[in-house]
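Below is one structure; the comments refer to it alone.
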Amino acid sequence: MPEAAVLAAGPDRTGARVALVAGFLASAGLPLYIHLPGFAAELGLPLATIGALLLAIRVFDCVQDPALGLLAERWRDRRGMLAALSLAALGLGMAAIFLGQPGL
């Protein structure tokens, strides 16, 4: 391929954009890892149990993320409905977290 064609196409910056979003999302979880040992000690939970729970969440993410990507690709024409379903799931999750009974 001639050099002019490569320069005209420009560099692919998709990876940089994905990395930027992933960096912001990862930094949002940083306080969890900082404060979790103190909460675990207060509740009497071993750190190994906390680590196993965090690992289980990451393994679930490894399955969930590609499945959600396929769903988004398949429902490309119905993005409004997918956004509404996501918003409803977010609302239910927030309600479960903040309206739950203490001690359960």
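The values are calculated or read from the model by the stated rules, or taken from the named source; none is laboratory data. As the structure is a prediction and not an experimental result, all values here were calculated from the model. Glycine gets a Cβ as well: all are built from the backbone with ideal geometry, and neighbour counts include every protein chain shown.
A compact table of results
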| item | result |
| --- | --- |
| Odd one out for ASP77, checked against (1) surrounded by fewer than 10 Cβ atoms within 10 Å (Cβ to Cβ); (2) modelled with pLDDT of 85 or more; (3) over 26 Å from PRO102 (Cβ atoms); (4) not assigned by TED's automatic domain parsing to the domain that holds PRO102 | (4) |
| Residue match in the stretch 26-33 (condition: at pLDDT 90 or above, at negative phi and of a type in the set (A, V, I, L, M)) | no |
| Pairs, first farther than 18 Å from ALA22 by Cβ in the stretch 62-79, second assigned to a helix (DSSP H, G or I), C-beta under 6 Å, six or more apart | TRP75/LEU82 |
